[in-house]
Amino acid sequence: MAQSIYITSAEGHSGKSTIALGVLDTLSRKSPRVGVFRAIARSTEERDYVLEMLLDHDGVDLGYDECIGVTYDEVRADPEAALGRIVERYKAVEAQCDAVVIVGSDYTDVGSPAELGYNARIAANLGAPVLVVLAGQHADGERDSAALSPEQVGHLATLALGEITHERAGIFAVVVNRADPARLDETVAAVRAVPAASGDIGVWAIPEDAYLVAPSVGDVARSLGATLVKGDEALLEREVLHVVVAGMSLNNVLPRLEDAAILAVAADRTEVLLAALLANASGTFPSLSGIVLYGPFELPDPVERLIDGLDSNLPILATDQGTYETVRGIMSARGRLAAHSQRRYDTALALFDQHVDTDDLLRRIGLASSDVVTPLMFQYRLIERARRDRRRIVLPEGGDDRILRAAATALARGIADITILGEPIEVRSRALELGLDIQAAEVLSPFDAVHVDKFAREYERLRAHKGVTFRQAADTVTDVSYFGTLMVHLGLADGMVSGAAHTTAHTIRPAFEIIKTKPGVDVVSSVFLMALADRVLVYGDCAVIPDPTAPQLADIAVSSAATAAQFGIDPRIAMLSYSTGESGSGADVEKVREATALVRERASDLLVEGPIQYDAATDAAVAATKMPGSDVAGRATVFVFPDLNTGNNTYKAVQRSAGAVAMGPVLQGLNKPINDLSRGALVEDIVNTIAITAIQAQNAGAEEASA
């Protein structure tokens with residue numbers, strides 16, 4: 001039977017979905033089969049955005065329809081029949097999972113005072129302990145409502161926990177969400193003082209965060225029924241922290257602009273509209289989230305052409321409503337935590353990790369650890385290891401939106417400290433447009449005079465044997481790949497991740513010239529960490545050396561084994577060929593045979609087998625026939641391909657046909673970590689590579705310390 005947890009709240013607007021996401025994310029780190037279940041949904045006609053967000057999580061593999069119990073209409077029509085239906089539907093989900101996050105009702109306008117009690121009855125009938133979410137703010141429908149005092153939270157906890165225990169549901173934990181940041185410890189103490197919370201239950205408080213509760217420009221558009229008439233649709237996800245109504249002269253409007261504000265402008269005040277767009281683009285005024293044009297007026301054609309000529313990305317919404325209705329609609333817009341809102345998603349997970357003891361949470365749930373390692377579980381392990389000893393990673397491609405998004409996630413999740421190369425005003429302005437928080441990142445221009453002078457002198461010294469002059473060096477080091485590599489070389493960063501917008505050669509050539517190889521390593525090579533459905537394998541070399549010699553193959557094998565060990569993979573090396581053991585001959589087979597002998601000579605402690613075919617390396621039944629008694633055959637974890645053609649095609653075939661997550665290429669053999677990205681890399685790929693690079697930097701630091 002699956003371990004389950006029922007998440008409910010005592011009232012609306014508590015941020016229950018934030019807590020559900022945090023719990024789901026925590027469970028996904030330990031279990032390969034985590035499910036979600038929405039006990040009561042608003043309706044079957046409109047899809048439930050909370051359930052959709054949770055189903056979007058990488059750790060969940062369930063369909064939308066199977067994860068819904070009943071609707072509010074069904075509960076009102078016959079509460080007992082609805083309860084039976086919920087239990088029946090839940091059991092079908094439970095049978096497919098090791099753990100299930102059950103989300104209670106939302107206290108919408110169709111809710112009732114007895115709603116908490118009914119949620120408790122559901123939990124009791126499902127045998128699921130309850131995690132109660134208490135709102136740390138007054139739920140009066142206003143976004144800027146005041147925080148509750150610890151005493152008020154304690155009173156709310158007394159009522160809520162009493163209602164739940166009355167229905168004989170077990171209480172698992174209490175989370176006070178949106179609590180007063182200055183009084184978190186007092187708030188936790190006030191809840192613990194409640195008799196129903198005095199036993200062995202978890203009590204945590206998560207502070208209010210302006211960005212989590214703020215509506216996006218898209219939320220404002222939905223609240224107003226407004227349409228996007230100009231600007232970038234992708235920027236509709238930017239949060240709105242302030243509202244400015246341009247009901248005065250231009251001279252008085254401009255000083256009142258605020259960062260992340262939405263500006264409401266009467267559609268016939270085109271001079272204010274144009275001035276606001278110019279102010280937003282100037283860099284000398286705060287960065288707006290968007291503009292709302294209100295009133296039944298069309299933009300004149302000359303004004304439209306002028307706006308188009310400004311080439312502004314700022315979203316401009318239009319509504320026919322008047323001033324009062326427009327302002328009321330903006331103020332009533334509410335933010336929704338959704339998977340496509342990266343800043344909110346990252347912030348929600350970061351706050352949960354920072355303020356909830358996730359180890360204690362897992363202990364209380366009693367979820368057994370699994371020997372299976374899914375791609376998501378492996379990614380979490382990477383992130384956890386990177387967090388333990390944070391390193392600084394330089395990202396040279398600050399002009400790429402994917403890099404900015406990955407940097408924001410890495411910073412929010414505490415994976416690494418980040419330096420981004422690019423012109424600071426341009427990089428930070430674009431991040432603001434995208435609604436990303438990169439304030440904690442260092443943004444450095446590759447043309448910064450002080451750094452260019454320092455780097456040019458070092459590069460001139462390193463390449464003096466090639467006749468490089470200072471002037472040539474000064475031109476070279478302004479290239480972002482050289483600039484970033486020199487930062488790593490001189491200790492200004494611990495590693496570099498590049499390649500989203502540059503070729504592999506452009507990324508790694510500076511490393512060959514500047515970073516150089518480790519002692520005892522002859523060649524720089526690469527591996528992919530291949531996260532299959534239930535385990536992680538290492539493939540090398542799939543990206544760097546086209547046709548390695550036998551000594552180079554041996555070098556790749558030894559380096560790949562070391563990389564595997566760095567990431568917690570017990571190395572058992574298969575030296576791949578088209579024949580197994582002594583069954584074949586030919587130049588290609590002999591190369592692999594020689595390389596295998598060299599590995600045994602250089603690193604006698606490593607388990608290695610070769611030449612061996614892929615099936616004999618992975619399948620125990622085939623191994624028993626082709627190579628009985630081998631410690632590697634049928635159990636290989638490190639696969640060394642005879643050439644780049646074979647390796648590159650194989651990793652892509654496995655990635656596409658088996659649904660494996662390919663992380664890499666991870667460069668190995670360098671003195672300090674430099675890693676290349678595919679130019680088609682997704683944001684998730686970049687985040688993974690940042691974590692991998694940070695772990696390599698940790699290991700490099702440990703090696704230096706022990707030398």
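Observations on the structure shown:
- Accessible surface of the stretch 406-557, 1.4 Å probe: 54 percent of it comes from carbon and sulfur atoms.
- At full extension, Ser332 and Thr503 could sit 56.7 nm farther apart than now, given 0.36 nm per residue minus the alpha carbon distance.
- Largest-first ellipsoid semi-axes for the stretch 226-312, taking √(5λ) over the Cα gyration tensor eigenvalues, angstrom: 18, 16, 13
- With at most 14 neighbouring Cβ atoms within 10 Å, loop GluC sites (Glu not before Pro) (DSSP) excluded, longest segment of the chain: 299-581
- Compared with the dominant principal axis of the Cα atoms in the chain, helix 270-282 is inclined by about 30°.
- When a 1.4 Å probe is rolled over the protein heavy atoms, the share of accessible surface on the stretch 582-621 that falls to carbon and sulfur comes to 48 percent.
- Percent of alpha-carbon pairs separated by more than 21 Å within the stretch 380-461: 35 percent
- Using just its DSSP H runs of length 4 or more, each adding -39500 (n - 2.57), the chain gives a mean residue ellipticity at 222 nm of -13500 deg cm²/dmol after division by all residues.
- Per residue, the stretch 19-97 exposes an accessible area of 41 Å² to a 1.4 Å probe, with every protein chain left in place.
- Listed by chain and number, the lysines whose C-alpha is less than 26 Å from the C-alpha of Lys591, apart from same-chain residues fewer than 8 away, are Lys518, Lys626, Lys652.
- Using distinct alpha-carbon pairs, which all enter the 1/r mean, Kirkwood radius of the chain in Å: 28.4 Å
- Degrees separating the helix 16-28 axis from the principal Cα axis of the chain, which is the longest one: 20 degrees
- Between the stretch 565-593 and the stretch 370-398, the Cα center-to-center distance that results, in Å: 29 Å
- Fraction of accessible area attributable to carbon and sulfur, the stretch 309-378 (%, probe 1.4 Å): 46 percent
- Over the stretch 251-397 - Rg/Rh using Cα atoms and the Kirkwood inverse-distance radius: 1.16
- Added length on full extension, which subtracts the Cα-Cα distance from 0.36 nm per residue, Asn313 to Glu684: 131.1 nm
- Karplus-based coupling profile of the stretch 48-63, in residue order and whole Hz: 7, 5, 5, 5, 4, 4, 5, 5, 6, 5, 4, x, 10, 10, 9, x, with θ = phi - 60° in 6.51 cos²θ - 1.76 cosθ + 1.60 and x standing for Gly or Pro.
- Set of lysines with alpha-carbon distance to Lys454 below 24 Å, sequence-local pairs under 8 removed: Lys466, Lys516, Lys672
- Charge tally in the Cβ shell below 15 Å around Ala279, where Lys, Arg are +1 and Asp, Glu are -1, Ala279 excluded: -2
- For the stretch 406-477, the solvent-accessible area works out to 47 Å² per residue, with a probe of 1.4 Å and every protein chain left in place.
- Span from the the stretch 241-291 Cα centroid across to the the stretch 423-453 one, whole angstrom: 25 Å
- Diagonalising the gyration tensor over the Cα atoms of the stretch 44-91 and scaling each eigenvalue by 5 before taking the square root yields semi-axes of 23, 13, 7 Å, largest first.
- Residues whose amide H falls under 5 Å from that of Arg391, counting only those 5 or more places apart or on a different chain, are Asp417, with hydrogens built in the peptide plane.
- For the chain, the longest principal axis of the Cα atoms and the long axis of helix 424-433 meet at an angle of about 50 degrees.
The values are calculated or read from the model by the stated rules, or taken from the named source; none is laboratory data. All of these numbers come straight from a predicted model, not from anything done at the bench. Positions of Cβ are generated from backbone atoms using ideal geometry, with glycine treated the same way; all protein chains shown enter the neighbour counts. Side chains included, ligands, DNA and RNA excluded: accessible areas come from the protein's heavy atoms. Shrake-Rupley method; radii C 1.70, N 1.55, O 1.52, S 1.80 Å.
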